[in-house]
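What follows is a single structure, written as structure tokens, with notes after it.
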Amino acid sequence: MKNIGELKKAVAEKKQLVWDDPDPIPDNDYNITYVEPLDDFDDDETDIPILIHYGGGSEAEVFIDEILTKV
């Protein structure tokens, strides 16, 4: 994602998101199952850690550019 606005749109459209972990663990499931509410963020913000849940219930704070739309 490029900014909060793009992430808000992807969440609203219920697109499947995945975390592009900069230090991945082999065979880990990085499909995002939850993104913290984004209402308090301006659409053009880019460098904000966002809380996500992924895989089997793990959570992480990640930056916008680490969140991708699953192809």
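The values are calculated or read from the model by the stated rules, or taken from the named source; none is laboratory data. Being a predicted model, the structure only gives us computed values, none of them experimental. Note that each Cβ is placed from the backbone with ideal geometry, even for glycine, and that neighbours are counted across all protein chains shown.
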*Any hit, the range 44-60, residues being closer than 14 Å to LYS2 by Cα, touching a helix residue (DSSP H, G or I) at 6+ places or on another chain (Cβ under 9 Å), at pLDDT 95 or above and of a type in the set (A, V, I, L, M, F, W, C)*: yes
*Residue that is surrounded by the most Cβ atoms within 10 Å (Cβ to Cβ) [pool: residues in the range 15-32 that are among the aliphatic types (A, V, I, L, M) and touching a residue at least 40 places away in the same chain (Cβ under 8 Å)]*: LEU17
*Evaluate the following for ASP21: is it farther than 12 Å from ILE67 by Cα and either at pLDDT below 95 or acidic (Asp, Glu) (or both)?*
no
